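Read through the structure below, which is laid out as structure tokens, and then see the notes.
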Amino acid sequence: MANLFRHLLILVGLYVVSSKPTFSEKYGDLIHTRVGELFRRVEAMQVKKDEPFIPPLLWEKHKGMYESDIKFYFHGHLDLYLFREAFKVYDDNMFNTAWITQCLLEAYMYGNSPKPSDEQIFSSVKSIKEYHNKNLNYSNSLMTFWPQQYNETTKTWVSYPVNLHNFFELAGDFNATFLETILKDLGFADLASIMERLMKSRDGYLRAFLIPPDFDDTFVNVGLGSLLTEAAADFPQSHQQWLSQNTNLTSVFDGLKKYAYRPLSKNDAVNTIDCRTYFYLRHFLEKQVDDKQDIALVPTWIQDLNEVQTMGPKGVDMPFNINNVDATVAANGVFGITSSILSGLVDPNLLHDQDLMQIYLNTSNLLAHMINYNFSSRPDLALLYYPSAFEFYWFVARTYAELQRSTKKGPLPYPVMDFVRDSLGEVLKGTMTEAVLNASIPNGDSQVYFDDFVGDGDLDSNNKTIIRGEDRLFTTAMAINALITTWTTFDKDSRHLVWEKDVPKEVRETVEKAANFLVHNMFSFKPWNAFFSGSVKGTTTFPLYPVNRVSIKVRKSADYTNKGLTPEAVRIYGMQGVIPESAYQELLKEKWFINAPLDFHGYNGYPDYWPFWCSEAYTYVTSMLALAKVSNSVDL
């Protein structure tokens, strides 16, 4: 009798365990509802028609784009918090719209998201037609971040963020002194000081807008074309429109070979790099030299030091007259090369070009190194334009996922791709996964969330830190996307994302708890992010690190007003070649205007304010992507 009772207990226990609902069973309907809500919200945020600038309330907007706003990261006491909340300038740029479009496509292709209309995708694809480099007399796919305006004086197309110019023109006409006096009388002396500094920085900001095309936007565009090629049957009109706008993809790879950063080259135009880049990158470079390996890496800007002298005077100029290497830009470059080959967008023999193969391999190795060594403890320099490490992780994971999907179909077209898949997979499943899991913050027993820094640096009247979590939704979505993109593979037959058999239990639990947080809190926090920023974010990111190459030349340059020519000194101030670590340590002992900051303590660890780009649509679409993928993930 006792044995019978014991067997009955075991059976009851097995029934209880087996009948416990899975995450999808428990929250599937709610996830489906949230995905639909987010999909409709993003759809509504697309600009439906061109809108003119009507001062002082309405910004200029262009059909097909998605809104992003330039804000300043003010943080501290109440006045600075209120200024951060209130200040924003609408900005049209190619990057934001192209990324949102890719997320819409991926959520439909690999998740359980509704299918966007071909018209919605088409409108965005057509809107970025104006972002191709117009200074070349041939068709090309070298892209700019901002639209371009023709400078009649220099007969050159220059980047022209129209609303930023409108803002500074309005500010110039405004009696700022009167406002500063009012702010001081109200006890907001900090704000008065900031207003004064912003107005004095007007010319510097306008000069900084005159940037050349870049490899970031260029390869984001290539990545978009690759996705559209894969989904051509679902979005035929958009696919054809993209192809019609990109008739010379060879221009991308020719440009990459010309402008790649080559520290061991004898070519002075490409062997010198921003001193901030060298500071964080030097250990990677030194290892390559020790291994007797040549080096060629994807840089940020599509310009070299010779062209600084010729195009700079015309208003097309790298910031600080020098190129840099941003790890996130590099990740987009590797994904663009990978996806364009595997989707059939470009000639499958592309990597038979030994120079391109070297750039692809070296840059992939750089990504693995950055993950393995925590960005050399300087994410402020390694992720110069993209403050979010979680965003970077996802960008890298997309390349790994693309290679994994292709592996399921058959052998990869090049052995180097097998190497890249394995090396990225190792660091993503190891160091990256550990870093993301360690960053999770419990919210009860069934939820976790992730915070980055936006909104977590304010102070109350007792100087105690206030945690507002203004980028919590975005960071949590990016954490999910990084993990699920790493640990699942899309199965073409079942149309599901299949979890790897060796996925750790903690990864599954963290993804589900983070998704649960988004499902229940999606509209409870600000949908902010810092998806992009200026390169200078306070004292740690000023280009005041050791250099071994300085040259100053006086040139004639066109000022931003188009009114004439003004003399200007061009300073090339960078690190040339690769020097021994012992020699670099000696340089660090010297004073470079200031003592070079050796450590970084987070963006809230400093009182500095700086511009960042925030897109609520980007937060919503990446959250939609995360939830759509979670709901489409299964075990097979």
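Looking only at residues of the range 394-426 that are of a type in the set (V, I, T) and buried (at least 20 other Cβ atoms within 10 Å of the Cβ), we find that the one that is farthest from W99 (Cα to Cα) is V420. Here F453, F490 are screened, and the one residue that is aromatic (F, W, Y) and more than 21 Å from Y609 (Cβ to Cβ) is F490. Residues that are modelled with pLDDT of 95 or more, aromatic (F, W, Y) and within 30 Å of T465 (Cα to Cα) do not occur anywhere in the range 31-54.
The set of residues from the range 194-233 being at pLDDT 95 or above and under 24 Å from Q149 (Cα atoms) comprises I211, P212, P213, D214, F215, D216, D217, T218, F219, V220, N221, V222. Output yes when any residue across the range 531-545 is in contact (Cβ under 8 Å) with a residue 40 or more places away in the chain, part of a loop (DSSP other than H, G, I, E, B) and more than 22 Å from the chain's Cα centre (by Cα), and no when none is. Scanning the range 531-545 turns up at least one residue that is in contact (Cβ under 8 Å) with a residue 40 or more places away in the chain, part of a loop (DSSP other than H, G, I, E, B) and more than 22 Å from the chain's Cα centre (by Cα). Close Cβ contacts (under 7 Å, 6 or more residues apart or on different chains) running from residues in the range 300-325 that are part of a helix (DSSP H, G or I) and modelled with pLDDT of 95 or more to residues that are among the hydroxyl-bearing types (S, T, Y) and surrounded by 24 or more Cβ atoms within 10 Å (Cβ to Cβ) comprise L305/T272. Note on the range 489-506: residues that are buried (at least 17 other Cβ atoms within 10 Å of the Cβ) and in a loop (DSSP other than H, G, I, E, B) amount to 1.
A single member of S251, S226 is farther than 24 Å from Y108 by Cα and under 24 Å from the mean Cα position of the chain (by Cα), and it is S251. Residues that are β-branched (V, I, T) and either surrounded by fewer than 20 Cβ atoms within 10 Å (Cβ to Cβ) or touching a Lys or Arg at 6+ places or on another chain (Cβ under 7 Å) (or both) within the range 436-476 comprise I441, V448, T465, I466, I467, listed in sequence order.
Residues that are in a strand (DSSP E or B) and not hydroxyl-bearing (S, T, Y) were ranked within the range 605-636; the one that is farthest from the chain's Cα centre (by Cα) is V634. When the range 153-175 is filtered for residues that are surrounded by fewer than 14 Cβ atoms within 10 Å (Cβ to Cβ) and either among the hydroxyl-bearing types (S, T, Y) or at pLDDT 95 or above (or both), only K155 remains. Restricted to the range 104-126, and to residues there that are polar (S, T, N, Q) and under 17 Å from Y66 (Cβ atoms), the residue that is farthest from the chain's Cα centre (by Cα) is S117. Restricting attention to the range 144-170, which residues are of a type in the set (S, T, Y) and touching an Asp or Glu at 6+ places or on another chain (Cβ under 8 Å)? The answer is T144, and nothing else.
In the range 111-123, what residues are in a helix (DSSP H, G or I) and touching a helix residue (DSSP H, G or I) at 6+ places or on another chain (Cβ under 6 Å)?
D118, I121, F122
Does the range 571-591 contain at least one residue that is at pLDDT below 95, small (G, A, S), surrounded by fewer than 19 Cβ atoms within 10 Å (Cβ to Cβ) and on the phi < 0 side of the Ramachandran plot? Taking every residue of the range 571-591 in turn, none turns out to be at pLDDT below 95, small (G, A, S), surrounded by fewer than 19 Cβ atoms within 10 Å (Cβ to Cβ) and on the phi < 0 side of the Ramachandran plot. Scanning the range 458-493 for residues being of a type outside the set (A, V, I, L, M, F, W, C) and farther than 26 Å from V396 by Cβ gives a total of 9. Against the numbered list (1) surrounded by 19 or more Cβ atoms within 10 Å (Cβ to Cβ); (2) without any contact (Cβ under 8 Å) to a residue 40 or more places away in the chain, N267 comes up short only at (1). The residue that is nearest to the chain's Cα centre (by Cα), among those in the range 51-68 that are over 22 Å from F168 (Cα atoms) and part of a loop (DSSP other than H, G, I, E, B), is M65. Among (1) surrounded by fewer than 20 Cβ atoms within 10 Å (Cβ to Cβ); (2) in a loop (DSSP other than H, G, I, E, B), there is one condition T431 misses while meeting the rest; what is its number? With respect to (1) surrounded by fewer than 20 Cβ atoms within 10 Å (Cβ to Cβ); (2) in a loop (DSSP other than H, G, I, E, B), T431 is out only on (2). In the range 207-237, of all residues being hydrophobic (A, V, I, L, M, F, W, C) and part of a helix (DSSP H, G or I), the one that is farthest from I100 (Cα to Cα) corresponds to A208.
Here is a yes/no grid of residues against (1) under 12 Å from I371 (Cα atoms); (2) without any contact (Cβ under 8 Å) to a residue 40 or more places away in the chain; (3) touching a His at 6+ places or on another chain (Cβ under 8 Å):
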position	(1), (2), (3)
L383	yes, no, no
E391	no, no, no
R398	no, no, no
L403	no, no, no
T407	no, yes, no
P415	no, yes, no
D418	no, yes, no
R421	no, yes, no
V427	yes, no, no
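A residue that is surrounded by fewer than 21 Cβ atoms within 10 Å (Cβ to Cβ), of a type outside the set (S, T, N, Q) and in a helix (DSSP H, G or I) can be found somewhere in the range 238-252.
Exactly one residue out of A558, A617, A628, A596 is surrounded by 21 or more Cβ atoms within 10 Å (Cβ to Cβ) and modelled with pLDDT under 95: that is A558. Only one of the listed residues (D326, D353, D294) is in contact with a Pro (Cβ under 9 Å, 6 or more places away or on another chain) and on the phi < 0 side of the Ramachandran plot. That residue is D326. Apart from one condition, K129 fits all of (1) in contact (Cβ under 8 Å) with a residue 12 or more places away in the chain; (2) assigned to a helix (DSSP H, G or I); (3) within 25 Å of P611 (Cβ to Cβ); the exception is (3).
Can you work out which of the residues in the range 79-98 that are surrounded by fewer than 18 Cβ atoms within 10 Å (Cβ to Cβ) and free of Cβ contacts under 8 Å to residues at least 60 places away in the same chain is farthest from E130 (Cα to Cα)? Of everything passing the filter in the range 79-98, L82 is farthest from E130 (Cα to Cα).
None of I295, I273 is assigned to a strand (DSSP E or B) and under 27 Å from the mean Cα position of the chain (by Cα) except I273.
Consider I194 carefully, then state whether it is aliphatic (A, V, I, L, M), in contact (Cβ under 8 Å) with a residue 40 or more places away in the chain and either surrounded by fewer than 17 Cβ atoms within 10 Å (Cβ to Cβ) or within 30 Å of H77 (Cβ to Cβ) (or both). Here the answer is yes, as I194 does meet what is asked. The residues on offer are L356, L351, L361, and the sole one that is in a helix (DSSP H, G or I) and surrounded by fewer than 19 Cβ atoms within 10 Å (Cβ to Cβ) is L356.
The values are calculated or read from the model by the stated rules, or taken from the named source; none is laboratory data. This is a predicted model, so every value here is computed, not measured. Heads up, the Cβs are rebuilt from the backbone with ideal geometry, glycines too, and the neighbour counts pull from every protein chain shown.
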